[in-house]
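Let me begin by presenting the structure, written as structure tokens, before commenting on it.
The values are calculated or read from the model by the stated rules, or taken from the named source; none is laboratory data. Keep in mind the model is a prediction, meaning the values are calculated, not measured. Using ideal geometry, Cβ is built from the backbone for each residue, glycine included, and neighbour counts are taken over all protein chains shown. Each accessible area value is taken on the protein alone, full model and side chains, heavy atoms only, with ligands, DNA and RNA left out. Shrake-Rupley method; radii C 1.70, N 1.55, O 1.52, S 1.80 Å.
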Amino acid sequence: MDLKKHKHGTASVWAGESQLFQEGSSTVPIVNTVTYAYNDLDEWYDVARGKKAGHIYSRNTNPTVAVLEEKIRQLEDAEAATSFSTGMAGISNTLFALLEPGDRVVSIKDSYGGTSKMLLEFLPRLNIDVELCETEDHEQLEREIAKGCTMVYLESPTNPTLKIIDLKRIASAAKKAGAIVVSDNTFGSPINQNPLALGVDLVIHSATKFLGGHSDTLCGLVCGKKELIQKIFDYREITGATLHPETAYNVIRGMKTLELRVNRQNENAMAIAKYLDEHPKVSQVYYPGLESHRGHDIAKKQMRGFGGVLSFELEGGYDHVKTLLHNLKFVHLAASLGSVSTLAGPPRTTSHVELSEEQRKELGISESLIRYSVGIENSEDLIDDLRQGLDLIE
Ligand SMILES: *Cc1c(COP(=O)(O)O)cnc(C)c1O
């Protein structure tokens, strides 16, 4: 069964699961094995040489993990997909697999904190030149890309102020320069946005967030052009940043409700963003669904929904952030995002903990900014909760 033509909700449930499993199991079996036994040496040899389908060793491939890879492949409509133990393993292995000394990468200043560290510290150590542009400055990105580069590394929406990049426009500039375009689609999720359809070559997910959806599992997924995925897979096979089958099962189960959850989170985030936008103690709300957001027009063009993460700035300083966050009932004060439960925190303890206060300031991340990742609770209750918390601010 080819689910390419099916909608995301159907694909989330059925992709990779259209065949019958052992004993007619109606859920994906967790194949907890390191190695795979063969009765016939010739067959073993053929599988080992890639002449016949099958598995040899679970650092390389595993049937449970393969189901998950097929799910993301279909949800992003990609040629191929591979998986990793964490999102950062996916990002670092992708960069190391595809780049060599002397290469040049053009990227943005607002990448995820861990990605920024890769770009600013680890790649330059290998004599790879990295140019970081102002995230929303499309002209600067195009100028830098036109100077020549091997890779363009993007993320949209970004963390934590939800800046939006026109992926089609930048992918087209990259194509002209002969560069590979990679985009981190963690914030969008395949429900809201499919970067491959906009001309991107590789999509990366921290499946730890929306795809897993329950804050109980770390996982990274990369999908896109077949020959690029093969290179990344060959590299990961040796670096060993492999996903465990039990973890893969958690993500598979989480993904069955992906469309339901993300649609609900889109609605909740929109309602909360509108509420906060009118509140006198809130000086600024960052949510691409608001017409006042700088990236709203581009977001409307390339996204089907605006996502479950927003951020907002309070009037006053960090004291007010503490008053509000310490008094909210329906929130975990915690890093991460995209979970069924609402998570919130200041960027200095969440997304940008790796950066100095100076670097955060440069990115326009003030001390009174709060990142709020909306769960699947009822928006009325979340808004009531925010209202009573904001009332406590003097
Ligand atoms: C969390 C996150 C990552 C890193 O993923 P891990 O699974 O924590 O390694 C990468 N990119 C974005 C946008 C993220 O939010």
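What figure, in Å² to the nearest 10, do you get for the accessible area of residue 365 with a 1.4 Å probe and non-protein molecules left out?
Roughly 10 Å² of residue 365 is accessible to a 1.4 Å probe.
Would you be so kind as to identify which of 95, 318, 288 lies farthest towards the positive end of the dipole of the chain, taking Lys and Arg as +1 and Asp and Glu as -1 on Cβ and the Cα centre as origin?
About the Cα centre, the residue reaching furthest to the positive side is 95.
I'd like to check one number: the per residue accessible area of the stretch 258-391, probe 1.4 Å, reported in Å² as a whole number. If you can, show how the numbers build up before the last one.
Details: 6050 Å² over 134 residues.
The answer is 45 Å² per residue.
Averaging over all projection directions, find the projected area of the Cα convex hull of the stretch 89-232 and quote it in nm² with one decimal place.
So the mean shadow area of the Cα hull is 7.9 nm².
Which helices, counted as full DSSP H runs in the chain, have an axial Cα extent of no less than 15 Å and a Kyte-Doolittle average of 0.5 or above?
Span-like helices here: 87-98.
So if R0 is 30 Å, what FRET efficiency would residue 231 and residue 304 give, r being the distance between their Cβ atoms, rounded to the nearest 0.05?
Calculated transfer efficiency: 0.45.
Once you list every other residue whose beta carbon is under 15 Å from the beta carbon of residue 58, what net charge do they have if Lys and Arg are +1 and Asp and Glu are -1?
Numbers: positive: 59, 236; negative: 69, 237, 246.
Neighbourhood net charge equals -1.
Give me, ordered by chain and number, the residues 5 or more places off residue 282 or on other chains with an amide H under 5 Å from its own placed amide H.
315
If amide H atoms are built 1.01 Å from N in the plane of the peptide, which residues on other chains or at least 5 residues away come under 5 Å of the amide H of residue 181?
Amide H to amide H, under 5 Å and 5 or more residues apart or across chains, residue 181 pairs with 152, 201, 202.
Between residue 55 and residue 22, 0.36 nm times their residue separation minus their Cα-Cα distance comes to what?
10.3 nm
Evaluate the relative contact order of the chain (contact order divided by residue number), counting alpha-carbon pairs under 8 angstrom at least 6 apart; express in whole percent.
Once divided by the residue count of the chain, the mean separation gives 17 percent.
As a check on your grasp of the helix formula, calculate [θ] at 222 nm for the chain: sum -39500 (n - 2.57) over DSSP H runs of n ≥ 4, divide by the residue count, round to the nearest 500. Don't jump to the answer; show the numbers that get you there.
Values: 15 runs with 149 residues, N = 394.
Rounded to the nearest 500, the figure is -11000 deg cm²/dmol.
For residue 86, enumerate residues with amide H under 5 Å from its amide H, sequence gap 5+ or separate chain, H modeled in the peptide plane.
Hits under the 5 Å cutoff: 220.
Which whole-angstrom value gives the distance between the alpha carbon centres of the stretch 279-303 and the stretch 74-121?
With the stretch 279-303 and the stretch 74-121 each reduced to a Cα centre, they are spaced 27 Å.
Reported to two decimal places, what Rg/Rh ratio describes the stretch 7-118 when computed on Cα atoms with Rh from the Kirkwood expression?
Details: Rg = 18.0 Å, Rh = 17.1 Å.
In the stretch 7-118, Rg relative to Rh is 1.05.
Using a cut-off of 9 Å between beta-carbons, work out the net charge of the residues near residue 282 (Lys and Arg +1, Asp and Glu -1, residue 282 not included). The partial results should precede the final answer.
On the way: positive: 281; negative: 277, 278, 313, 315.
Computed value for this residue: -3.
Rg to Rh for the chain: what is it, with Cα atoms only and Rh by Kirkwood? Walk me through the numbers before you get to the answer.
On the way: Rg = 21.4 Å, Rh = 21.7 Å.
Result for the chain is an Rg/Rh of 0.99.
What number of lysine-lysine pairs in the stretch 240-394 show an alpha-carbon separation below 29 angstrom, given a sequence spacing of 8 or more or placement on distinct chains?
Total qualifying Lys-Lys pairs in the stretch 240-394 comes to 14.
When the accessible area of the chain is computed with all protein chains present and a 1.4 Å probe, what percentage of it is carbon and sulfur?
49
Given the stretch 258-391, report the % of alpha carbon pairs whose separation exceeds 20 Å.
The proportion of pairs with Cα distances above 20 Å equals 43 percent.
Could you give the nm distance between label points at residue 100 and residue 281, where each point is 7 Å from its Cα heading toward the beta carbon?
If labels sit at residue 100 and residue 281, their model points lie 5.9 nm apart.
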